[in-house]
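Bear in mind that the values in this text are calculations on the coordinates, not laboratory data. If you're wondering where the values come from, they're calculated on a predicted model, not measured in any experiment. Note that we place each Cβ from the backbone using ideal geometry, even for glycine, and neighbour counts take in every protein chain shown.
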4 protein chains.
Amino acid sequence: MSASKTRPIRWGMVGGGRGSQIGYIHRSAALRDSTFELTAGAFDIDPERGRAFGVELGLDEARSYPDYVAMFAAEAERPDGIEAVSIATPNNTHFAICTAALEHGLHVICEKPLCFTVSEAEELKALSQARGKIVGVTYGYAGHQMIEQARAMVKNGDLGEIRIVNLQFAHGFHSAPVEEQNPSTRWRVDPRFAGPSYVLGDVGTHPLYISEVILPHLKIKRLMCTRQSFVKSRAPLEDNAVTLMEYDNGAIATVWSSAVNAGSMHGQKVRIVGEKASIEWWDERPNQLSYEIQGEPVRVLERGMDYLYPEARIDDRIGGGHPEGLFEAWANLYRRFDLAISGNSRLAPAGVRNLVFPDIDAGLEGVRWVENCVRSADAGGIWVDYK
Amino acid sequence: MSASKTRPIRWGMVGGGRGSQIGYIHRSAALRDSTFELTAGAFDIDPERGRAFGVELGLDEARSYPDYVAMFAAEAERPDGIEAVSIATPNNTHFAICTAALEHGLHVICEKPLCFTVSEAEELKALSQARGKIVGVTYGYAGHQMIEQARAMVKNGDLGEIRIVNLQFAHGFHSAPVEEQNPSTRWRVDPRFAGPSYVLGDVGTHPLYISEVILPHLKIKRLMCTRQSFVKSRAPLEDNAVTLMEYDNGAIATVWSSAVNAGSMHGQKVRIVGEKASIEWWDERPNQLSYEIQGEPVRVLERGMDYLYPEARIDDRIGGGHPEGLFEAWANLYRRFDLAISGNSRLAPAGVRNLVFPDIDAGLEGVRWVENCVRSADAGGIWVDYK
Amino acid sequence: MSASKTRPIRWGMVGGGRGSQIGYIHRSAALRDSTFELTAGAFDIDPERGRAFGVELGLDEARSYPDYVAMFAAEAERPDGIEAVSIATPNNTHFAICTAALEHGLHVICEKPLCFTVSEAEELKALSQARGKIVGVTYGYAGHQMIEQARAMVKNGDLGEIRIVNLQFAHGFHSAPVEEQNPSTRWRVDPRFAGPSYVLGDVGTHPLYISEVILPHLKIKRLMCTRQSFVKSRAPLEDNAVTLMEYDNGAIATVWSSAVNAGSMHGQKVRIVGEKASIEWWDERPNQLSYEIQGEPVRVLERGMDYLYPEARIDDRIGGGHPEGLFEAWANLYRRFDLAISGNSRLAPAGVRNLVFPDIDAGLEGVRWVENCVRSADAGGIWVDYK
Amino acid sequence: MSASKTRPIRWGMVGGGRGSQIGYIHRSAALRDSTFELTAGAFDIDPERGRAFGVELGLDEARSYPDYVAMFAAEAERPDGIEAVSIATPNNTHFAICTAALEHGLHVICEKPLCFTVSEAEELKALSQARGKIVGVTYGYAGHQMIEQARAMVKNGDLGEIRIVNLQFAHGFHSAPVEEQNPSTRWRVDPRFAGPSYVLGDVGTHPLYISEVILPHLKIKRLMCTRQSFVKSRAPLEDNAVTLMEYDNGAIATVWSSAVNAGSMHGQKVRIVGEKASIEWWDERPNQLSYEIQGEPVRVLERGMDYLYPEARIDDRIGGGHPEGLFEAWANLYRRFDLAISGNSRLAPAGVRNLVFPDIDAGLEGVRWVENCVRSADAGGIWVDYK
């Protein structure tokens, strides 16, 4: 990690106010490498609470706004107005806020799902292209170095032709109807706020994006999905889903998305099986990658070691053995957002050439995947051509 | 393990001759507790080699037969003829040999799959009932004590209502077309000898049976299956398959059957998710059972400990901490075959009442499951009602 | 993590310049929660390189000093001068720089070992008391929440009387004489720069301090130590050492300090055995704590969960399941340094009352332990009364 | 595992009667491969109970003796008398029974410790040489294939020069004074029956012997030991001990022997650190061996795989992935006892040449080690020259 940077990007937030865990993560990640500077915010649906929170964070009171409309308007008038904004609000607001941000000339970093429909996502993509602004989506774990290692291994043929992809993000925290007591969970199971799915969008899209990073050459041909509401009051939204996918090269994938996998802490796991070898990664022990060549002993690759591909070393903050965790993965993402925004390199050229980050296409693909899953599930779990 | 038994059952084998790994396991299990005595055999398709092998095992030369037809006929004439026979031959011969054995008044222990079709299996069931003989099927790992613990936990409500069942038996030993060099593998991928499936029947039915032991109250309502021949020369037989199932109580299951999961040693895992807790078991570390109550720390249950249910202690041969493995699990099965055959108890009454072993119904259900999977897969992976 | 703080502490650094891993960690930790603000620095033995590095970090050029003498003098003259300084230089300079810092009225955060002898450490302690300044020592992993959990468990009697303490920090990165190629390692094995020990001070004091945090009631009565230089050119400094200790309550401890534990990544592990239960922690998987009650299944406690003691929840930045790592542990330490310096509370009162951090006594005890170990080892590994 | 053997060795037992776990293990191991045949026994201190137990096991009633004196006398008179005897009685009787057995011309397999003093052990060794009989000692886990792999790796230089040896056998089952309720434990903590040590002899000698197998070229030069009676009523016998050892090549070792490591199931672990790589083995997961080359990913070697050394494949009963456990390790030992007794080969020549088994020297070395440990501990934990 080099010290560096001429000037941080002026950055604002919508949502993520007091008590928001995700808001803290965004700030922690954006500020970690001094590539962004928190300049403005509209942190809360309650204007006064949001304003106070911004001041507490050290914002100029005038730039702690009652809502995003006011913020975008006022900041656009300033010569030192914000250049980028992160959106950490309930799902149903993402489309409108993203649109407004792009229209005000801002780069956008948005929580997933980006929006509710593919057509909305395509609209955002067109708008971002028209305005020349990036849209980043926070699939946070995708920023971990071992994902870069996995991508490089596949690219270099270490696994051979890919055959099977097993994806899961299956925690147990909502095994009981916790939303009855916990308002911050309640909106997630209400289609008005959450959109057409709960766990498919909320957790399943995470490993899906990781698979896209590792396996850029695979395209989904068709899929089928079955979803359940084990806590019945959550219907029509699902708290569990299984998706089967076929890729155009003949490989297959399974995706298990769940919030009712009792006793599981987090359960985001990715296993890629090739004709020669498999790799497996688990976000709860993110510094290790299991590399399993058929007929050889399983190898446990460790972050930070010389035997990794160079792509997996670019973001190291400390040597191997010391655990880097979620916050570093997120900070790595924000560094890539910065690189994409700044359009110039503070990394070695190799780093720039290989820049991979969850962009508007990643957001769009997540929405598309959920849409296809729901279409299949609501038709009784039939195979649907991917579109 | 008490010392005991008035007289061992006189027992013969068909197949399992020189170089057969599975033959060794059968003998090791049957002889372990002196409940069976090897009295006769027809060990090999090559009569002379089979005869020599039997003599080497200590058989009277006259009772080391050239084939099963001769053995069944001759033994039936003897006052001290065999009472039970184990069948360890290629799949395509199981039905004929089982039928002949039952017709000669023998109890039968057969490798899975019992036969190729449900109608054959029903025929065998009717025959076994008519003759009052048992048919046992060697789902070996089902004999491990921790499976009994899992069954007792579900029965006692420790998991609450069952929601999700994840089953897999996915090894990697056939990632490459090893059958080209290895005749003992070749018949497994030839439908004439293997029947309608490769991995579904060969490996998938193992965790399926374990799930039936643990979850006797769940009935499959419908399923869908997709199967692949990643080594193309294996078509139409699959070397990988994914099955989705719905139970009548609304629970769902996935089953991953594979021989191309590169780098995986064995990969038989069972995870049962209930509304309150989950349990997970892995045959490569069979002495541990993970018990995961939502909101509590994961507990690792160990074989042989006082905190287990009594059902999980009956078969202990040694105290906790010392690993029991595959051979003990198989020997436990053979002890249950003996109990079922002898119809009297050398275990405590509680043991007898709870006697669970892979019987003719287990064999039949395995065949039924494969038949349904193949029906679904061959129709393009559609949902089929379970029948 | 609440947003908060009226004003960050004005903070400087000595050492930790370009290419310094530890310098990056200090800055990352100090700046993470906006409790410190980097205001001045003397980053490098090479004045020009140090100055440039400070500017790159965003310092006012005038406050990027050629050396610590100049920095302390100049900053003391300023009304907005630094209030605290972190020292990340080779061991042999710690005593002089700490002394100078305290004499200039600065709070000090110093890399371990604080100095080379107990008498030096006592001198620093007297000086820090006379000046009313804190001295913090960066035993970074001690800031992890699961260490707080362990401390609370012992305090609450969950383990019963303590019997056995197994400590180790045994990596393998210096199995070969890497210092021949790597100047940044070379000073560590040279007594002029490293002091009287290599691995005892460099790695062994880490788990020692963690044991002091968890077991504040245990006092070392006597110890014996044997040390080796497996890479012979390192003599008289050791690259491996084993220490045995007896506590005044009759408990015993072992400490394995090593840089030649080939293949081990980091290897910092702490196991505490009580009459009722044991706990075990490993810094490479820091979010888990194994809790092993005799006669019950092992439980794996996870950071961030409601079943933990409140002391273990204070520093959470994100919910359970998401891995926090080294950087969060360090940032937690810096937050405690801030609390100790500021002398007022930005945490809940419970947090303040329980404030535990590696202070001057921790630094002194580390030096004392090394001194006793070396005294024992150099006398042939005899028992020495702890003094 | 080949079928084979002309005639089993006629074999008797002293001790190991009803309710004896270790008696069951001996029989299970001896009978597993039909290399021994149970022909006579004196199973119990209570003659009638012993006699009944023998009959139950299928012995001729005349050969189920009231005591070993009667058995040895009567069997020596028979042309078909026993040729070997296993001794599974309390420690204090081993010397007398071994002596009597050898004097009656029997091969002996004895539970450890072989006797209480080195001079007794040397007497037994002289006697066994004079009579041309083998004495085997049942360090059961030493029969596991992965120990052979470890031995071959060291021999082939895969680890380089050996530096550090960490041994432990530290369970927690006697954390509380369980002997107050449990007579079968009581004699173990009574010096009249147990001899000069409890855990040093009972558990510590197990990994010690494994280290001798893996590292035949290392000789102990001196050691120091400290032992504790955490359950005070066990004094003067220890329930915990730590031993430090120096080898003549400059390597060092630690041995942790314990019965009060609360919550640990079994805890027999061996780690060997060389200049290039380390290996680690744990008896609770005996099919895996961790192989850790400095600077490379950790490899997990699995029993039964082609990449192992041939010495590690000789005893395989089943392919890799399937767990073999304690019973197979013991059966492997008994096969080697048979080979040593029979003096001819039923294994491939390579197997015979490499025959390694716990013989009279292994028994003697265990006694010597305990004697040295006790000598050190009772002198206050001083270093003693090994003799």
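Left without a cysteine partner by the 4.7 Å Cβ rule in chain B: B:98, B:110, B:115.
Charge tally around residue C:15: other residues with Cβ under 15 Å, Lys/Arg +1 each, Asp/Glu -1 each, net +2. Computed packing ranks the peptides B:32-39, D:216-223 as B:32-39, D:216-223, most packed first, by mean other Cβ atoms within 10 Å. Averaged over the residues of A:21-32, the number of partner chain Cβ atoms lying within 10 Å of the residue Cβ comes to 3. For a straight C-alpha distance cut-off of 18 angstrom, the lysines reachable from residue A:276 (same-chain residues fewer than eight places away being disregarded) are A:155, B:232.
Taking amide H as placed 1.01 Å from N in the peptide plane, residue B:359 has its amide H under 5 Å from the amide H of B:137, each at least 5 places away in sequence or on another chain.
Amide H to amide H, with H built 1.01 Å from N, residue B:164 comes under 5 Å of B:252, B:273, counting only residues 5 or more places away or on other chains. Put simply, the convex hull of the Cα atoms in chain C casts, on average, a shadow of 18.9 nm².
Among beta bridges identified by DSSP and lying wholly in the protein assembly as shown, the antiparallel ones come to about 60 percent.
Please work out the Kirkwood hydrodynamic radius for the range D:153-203, using every pair of different C-alpha atoms, and report it in angstroms with one decimal place. Kirkwood hydrodynamic radius for the range D:153-203: 13.9 Å.
For the residues A:42, A:142, A:73, a GNM of chain A with alpha-carbon springs under 10 Å puts the largest fluctuation on A:73. Viscosity 1.002 mPa s, temperature 20 °C: what is the translational diffusion coefficient of the range C:243-387 from Stokes-Einstein with a Kirkwood Rh over Cα pairs, rounded to a whole number of µm²/s? D = 117 µm²/s.
Residue order for C:246, B:48, D:123, fewest other beta carbons within 10 angstrom first, comes to B:48, D:123, C:246. Across peptide A:271-284, the average count of Cβ atoms from other chains found within 10 Å of a residue's Cβ is 4.
Please compute the Kirkwood hydrodynamic radius over the range B:221-302, one decimal place, Å, based on all pairs of different Cα atoms.
When all Cα pairs of the range B:221-302 are included, the Kirkwood radius is 15.0 Å.
Considering only Cα atoms, the convex hull volume of the protein assembly as shown works out to 166 Å³ per residue. Ordering B:118, D:137 from the fewest to the most neighbouring beta carbons within 10 Å gives B:118, D:137. Counting beta carbons within 10 Å around each of B:356, C:298, B:273 and listing the fewest first gives the order B:356, C:298, B:273. Per-residue 3J(HN,Hα) values for the range A:308-315, derived from phi via the Karplus relation 6.51 cos²θ - 1.76 cosθ + 1.60 with θ = phi - 60°, read 7, 5, x, 4, 8, 9, 4, 9 Hz in sequence order (x marks Gly and Pro).
Over the range D:9-140, the hull volume per residue, using the convex hull of the C-alpha atoms, is 97 Å³. Shown in residue order for the range D:13-30 are the 3J(HN,Hα) couplings computed by the Karplus curve 6.51 cos²θ - 1.76 cosθ + 1.60 at θ = phi - 60°: 10, 10, x, x, x, 3, x, 8, 5, 5, x, 4, 4, 4, 5, 4, 6, 5 Hz (x for Gly and Pro).
Per-residue shielding of C:333-340, expressed as the average number of other chain Cβ atoms within 10 Å of the residue Cβ, stands at 0. Note that the range B:181-327 carries a Kirkwood radius of 17.6 Å, evaluated over its alpha carbons pair by pair.
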